[in-house]
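Reviewing the structure listed below.
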There are 2 protein chains.
Amino acid sequence: MNKLYSLYECIQEKGYKLTEKRKIILQVLVDNKDYLLEPSEIFEKVLKVDKNINFSTIYRNLEIFLNAGIAKKVSLENGKSSYQIIFEKEHVHSMICKICGRVEVINTCPFEKIDNEIFEKKGFLPESHKFEIYGFCKECLLEKNF
Amino acid sequence: MNKLYSLYECIQEKGYKLTEKRKIILQVLVDNKDYLLEPSEIFEKVLKVDKNINFSTIYRNLEIFLNAGIAKKVSLENGKSSYQIIFEKEHVHSMICKICGRVEVINTCPFEKIDNEIFEKKGFLPESHKFEIYGFCKECLLEKNF
DNA sequence: GTTCGTGCAAATCGTTTGCAGGAAT
DNA sequence: ATTCCTGCAAACGATTTGCACGAAC
């Protein structure tokens, strides 16, 4: 039932060891489960818990979390990468706040509504897709008085 | 009527000068209008026309083309950026070939089909969105025998 | 003539890697 | 005991910047 525990399991199932650093980074991701975080943001938050952590450990473990299927990586409009923990493996799309990185889930998938005829006509074989809405979340709207 | 000429106009309207280098880079983008090109690819193609061009000139001008609204930048899944010329300012979505970077246009917009209720409920103000389908184009499928 | 654009080299930013010691299994 | 993980420092690739000269207006 414990979310953290099932994440630990995913890591160990893949043959990765369950280290202290790994637990701390995971905890930070879980604490910010509704936000997309850049590696530097993750690093800073982890630093507050463990002063003796290296940036390369962050990168190496983010990569491992991706492999274990417990995190996702998003290439944002500005060209930077951000990461977010994923609990349910289901396929979802997002509304992303351009100010704070908060992510809200959209429960419909536009891809399912597309007429397959367009792929047949072009001879294109679709493999994956991306649907993201960028804007401003309620909290940031109130704060910034837009 | 000439496409190149109207691109020149866009550049000059913004107060940028119409230089030889700028024309060459534009020509390369126009010649590859159906493809997303990485800066390094653009650089190589420009080199064939003008041996005396610097990489920084490519970057500086791509930025200017973005400002002038005649090119678009796409942050791909691998974290790299690619560029493409845009003729019509209309809003379109794309199918992108993961092998050759070929871009085919999708003429429906999934955003329009979304129920606005979800934004009202979350208090989210949408500003822009992205819908991209990644896969393999006909040519690459034939060539690689997938 | 003034402003802007360019090549060059160096700087910067985000990310990755080799290695040697330390921790998890 | 073995394998994996980590900090450190260095390397790396993509992109940006300061400068002095040259080109467009």
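Tell me, yes or no, whether the stretch A:32-54 has at least one residue that is within 21 Å of A:LYS130 (Cα to Cα), out of contact with any strand residue (DSSP E or B) (no Cβ under 7 Å at 6 or more places or on another chain) and not assigned by TED's automatic domain parsing to the domain that holds A:TYR134. Scanning the stretch A:32-54 turns up no residue that is within 21 Å of A:LYS130 (Cα to Cα), out of contact with any strand residue (DSSP E or B) (no Cβ under 7 Å at 6 or more places or on another chain) and not assigned by TED's automatic domain parsing to the domain that holds A:TYR134. Counting the residues of the stretch B:65-98 that are without any contact (Cβ under 8 Å) to a residue 24 or more places away in the chain, open to solvent by 10 Å² or more (accessible area, probe 1.4 Å) and in contact with a Ser or Thr (Cβ under 6 Å, 6 or more places away or on another chain) gives 2. The residues of the stretch A:99-146 that are touching a residue at least 12 places away in the same chain (Cβ under 8 Å) and touching a Pro at 6+ places or on another chain (Cβ under 7 Å), listed by number, are A:PRO110, A:PHE131, A:ILE133, A:GLY135.
For the stretch B:54-61, the count of residues that are part of a loop (DSSP other than H, G, I, E, B), out of contact with any Pro (no Cβ under 9 Å at 6 or more places or on another chain), more than 14 Å from chain A (Cβ to nearest Cβ) and without any contact (Cβ under 8 Å) to a residue 60 or more places away in the chain is nonzero.
Of everything in the stretch A:10-38 that is of a type in the set (Asp, Glu) and within 11 Å of DNA strand C (Cβ to nearest atom), the residue that is nearest to the other protein chains (Cβ to nearest Cβ) is A:GLU38.
The single condition from (1) more than 7 Å from chain B (Cβ to nearest Cβ); (2) more than 30 Å from B:GLU139 (Cβ to Cβ) that A:HIS93 fails is (2).
When restricted to residues that are under 18 Å from A:LYS73 (Cα atoms) and either surrounded by 13 or more Cβ atoms within 10 Å (Cβ to Cβ) or more than 7 Å from every other protein chain (Cβ to nearest Cβ) (or both), the stretch A:103-143 contains 10. The number of residues in the stretch B:70-95 being within 15 Å of DNA strand C (Cβ to nearest atom), in a loop (DSSP other than H, G, I, E, B) and closer than 17 Å to B:TYR8 by Cα comes to 1. From the list B:ILE42, B:ILE70, the one residue that fits, being touching a Cys at 6+ places or on another chain (Cβ under 7 Å), within 23 Å of B:MET95 (Cβ to Cβ) and of a type in the set (Val, Ile, Thr), is B:ILE70.
Every residue, every condition in (1) part of a loop (DSSP other than H, G, I, E, B); (2) surrounded by fewer than 15 Cβ atoms within 10 Å (Cβ to Cβ); (3) more than 15 Å from the chain's Cα centre (by Cα), yes or no:
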{"site": "B:LEU4", "(1), (2), (3)": "no, yes, yes"}
{"site": "B:GLU9", "(1), (2), (3)": "no, yes, yes"}
{"site": "B:LYS21", "(1), (2), (3)": "no, no, yes"}
{"site": "B:GLN27", "(1), (2), (3)": "no, no, no"}
{"site": "B:GLU44", "(1), (2), (3)": "no, yes, yes"}
{"site": "B:GLU63", "(1), (2), (3)": "no, yes, no"}
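The set of residues in the stretch B:67-89 that are within 14 Å of another protein chain (Cβ to nearest Cβ), touching a helix residue (DSSP H, G or I) at 6+ places or on another chain (Cβ under 9 Å) and more than 12 Å from DNA strand D (Cβ to nearest atom) contains only B:LYS72. Here B:CYS100 fulfils each of the conditions (1) within 30 Å of B:GLU9 (Cα to Cα); (2) more than 7 Å from every other protein chain (Cβ to nearest Cβ) apart from (1).
The values are calculated or read from the model by the stated rules, or taken from the named source; none is laboratory data. As the structure is a prediction and not an experimental result, all values here were calculated from the model. Backbone-built Cβ (ideal geometry, glycine too); neighbour counts: all protein chains shown. Accessible surface areas use protein heavy atoms only, side chains included; no ligands, DNA or RNA. Shrake-Rupley method; radii C 1.70, N 1.55, O 1.52, S 1.80 Å.
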